[in-house]
Amino acid sequence: MEFELPRPDVLWTTIADHGYAFLNLADGNPRAIKVFRADEPTWAVGNRLVSEDGTGNWYALVNVDTERALLFGGDESTALVDTDFDPWASAPPWAAAVDRTVVHPRLHEGVVTFVRWWDGIQWCRTPFEADLPDEYDDEPDADDGLYAGLWQLFDPAWTPEDEGRPSDQAQYTYGFVPGEPGMRYWKINAHTATGTESRQVVVEIDANGYEVRKVEYFADGRRGFAGGIMSTLRTQLSATPVADIAEHPGMVETISPCEFEAEWLAVGACYR
């Protein structure tokens, strides 16, 4: 099923508003920055948004330059998967030369079944109709996977689920055991925080005092996390060891590994 895509900058905003994408910045730092619905990731040259729906359908939108953009992704259930169809066959050299690396916690070597490039005027693609197996000749909805990857963005009946608070995640964290010995878990409260300052931080600390994973709740109601290749726009792990708990009188309390894991899942850091 083919449907009309909006301009790249509008599509970028739509994907961000959807709330399930990860931002890959054009800074050479391979990390996946979780985009919440309230975020406004910058439509800047080289940046890309990557999304995967949990069933193998995925896509990436890349800002190539001020006039051009590239959208590519895959649907392993499309009728074209086991054919000789090459979605890059008609792509102009500039589109084919774009780095196809995507950083996403669930994507490693995702199969590419559809490619769209914006040439400054319109979206273009490689024709796929002639490559469809004969049994799909009378199937008007048969396509290269674009619809399966992006339909939720344009379906008015679809509504995203809100992430829960820790009490909603408790059933998934019972018996959680840290992956390394000597891990510590703190909850840090800053009651005087305002604006974009952190009013509460929940952090996992390794035996050497370095932050491994972190969850932040900000005074303006936003939230964030960081850990591994993932983070949100505001939250980053400290590059230096944390101070001793005694240096934060009245601000820090020790929590259990299960309590931390519940916070981690609740803020949306479970690869959603």
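The values are calculated or read from the model by the stated rules, or taken from the named source; none is laboratory data. Because the structure is a prediction, the values reported are computed rather than measured. Neighbour counts run over all protein chains shown; Cβ positions are idealised from the backbone, glycine included. The area values use the complete protein model at the heavy-atom level, side chains included, leaving out ligands, DNA and RNA. Shrake-Rupley method; radii C 1.70, N 1.55, O 1.52, S 1.80 Å.
Please find, within region 76-111, the residue that is modelled with the highest pLDDT out of those that are β-branched (Val, Ile, Thr), within 27 Å of Gly228 (Cα to Cα) and open to solvent by 40 Å² or more (accessible area, probe 1.4 Å). So that I can check it myself, show each step before the final result.
We begin by selecting, within region 76-111, every residue β-branched (Val, Ile, Thr); these are 78, 81, 83, 98, 101-103, 111.
When the remaining residues are screened for being within 27 Å of Gly228 (Cα to Cα), the result is 98, 101-103, 111.
Next, from what is left, pick out any that are open to solvent by 40 Å² or more (accessible area, probe 1.4 Å): 101, 111.
Numbers: Thr101: 90, Val111: 87.
Residue satisfying both the conditions and the ranking: Thr101.
For region 219-245, give me the residue count where each residue is acidic (Asp, Glu) and under 15 Å from Ile188 (Cα atoms). Before the answer, list the steps.
As a first pass, look at region 219-245 and keep what is acidic (Asp, Glu): 220, 244.
Now narrow it down to the ones that are under 15 Å from Ile188 (Cα atoms): 244.
The qualifying residues number 1.
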Starting from region 10-26, take each residue that is in contact (Cβ under 8 Å) with a residue 60 or more places away in the chain and list its partners that are among the small types (Gly, Ala, Ser) and assigned to a strand (DSSP E or B), counting only C-beta distances under 6 angstrom and pairs at least six apart or across chains.
Ile15/Ala21; Tyr20/Ser51; Phe22/Ala32
Unmet criterion (only one of (1) open to solvent by 80 Å² or more (accessible area, probe 1.4 Å); (2) within 18 Å of the chain's Cα centre (by Cα); (3) at pLDDT below 90) for Leu153
(1)
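Does Thr235 meet the test of being under 27 Å from Val35 (Cβ atoms) and either part of a loop (DSSP other than H, G, I, E, B) or small (Gly, Ala, Ser) (or both)?
Values: under 27 Å from Val35 (Cβ atoms): yes; either part of a loop (DSSP other than H, G, I, E, B) or small (Gly, Ala, Ser) (or both): yes.
For Thr235, the condition - under 27 Å from Val35 (Cβ atoms) and either part of a loop (DSSP other than H, G, I, E, B) or small (Gly, Ala, Ser) (or both) - is met.
So which residues in region 206-232 are among the aromatic types (Phe, Trp, Tyr) and either more than 17 Å from Leu265 (Cβ to Cβ) or assigned to a loop (DSSP other than H, G, I, E, B) (or both), if there are any at all? Let's see the steps before the verdict.
Residues of region 206-232 that are among the aromatic types (Phe, Trp, Tyr), as a first pass: 210, 217-218, 225.
If the condition is that a residue be among the aromatic types (Phe, Trp, Tyr) and either more than 17 Å from Leu265 (Cβ to Cβ) or assigned to a loop (DSSP other than H, G, I, E, B) (or both), then Tyr210, Phe218 are the ones that fit.
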Residue in region 161-170 that is outside any loop (DSSP other than H, G, I, E, B) and modelled with pLDDT of 70 or more present
no
As an exercise: evaluate Gly46 against (1) small (Gly, Ala, Ser); (2) at positive phi; (3) within 14 Å of the chain's Cα centre (by Cα) and give the number of the one condition it does not meet.
(3)
Checking Met183 against (1) at pLDDT 90 or above; (2) within 26 Å of the chain's Cα centre (by Cα), the condition it does not meet
(2)
Subset of region 22-56 (residues that are open to solvent by less than 10 Å² (accessible area, probe 1.4 Å), under 17 Å from Arg222 (Cα atoms) and among the aliphatic types (A, V, I, L, M))
Ile33, Val35
Out of (1) without any contact (Cβ under 8 Å) to a residue 24 or more places away in the chain; (2) open to solvent by less than 30 Å² (accessible area, probe 1.4 Å); (3) not polar (S, T, N, Q), what's the single condition that is false for Gly73?
(1)
Tell me yes or no: at least one residue of region 200-217 is over 22 Å from Glu261 (Cβ atoms) and without any contact (Cβ under 8 Å) to a residue 40 or more places away in the chain.
no
Checking Asp144 against (1) among the acidic types (Asp, Glu); (2) outside any loop (DSSP other than H, G, I, E, B); (3) at pLDDT 80 or above, only one condition comes out false. Which one?
(2)
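Out of curiosity, is Ile255 modelled with pLDDT under 85, surrounded by 14 or more Cβ atoms within 10 Å (Cβ to Cβ), farther than 30 Å from Thr78 by Cβ and of a type in the set (Val, Ile, Thr)?
Details: modelled with pLDDT under 85: no; surrounded by 14 or more Cβ atoms within 10 Å (Cβ to Cβ): yes; farther than 30 Å from Thr78 by Cβ: yes; of a type in the set (Val, Ile, Thr): yes.
Answer is no for this residue.
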Every pair of residues 6+ apart whose Cβ atoms lie under 7 Å, when the first sits in region 118-144 and is closer than 20 Å to Pro8 by Cβ while the second is open to solvent by 100 Å² or more (accessible area, probe 1.4 Å) and modelled with pLDDT of 90 or more:
Gly120/Glu67
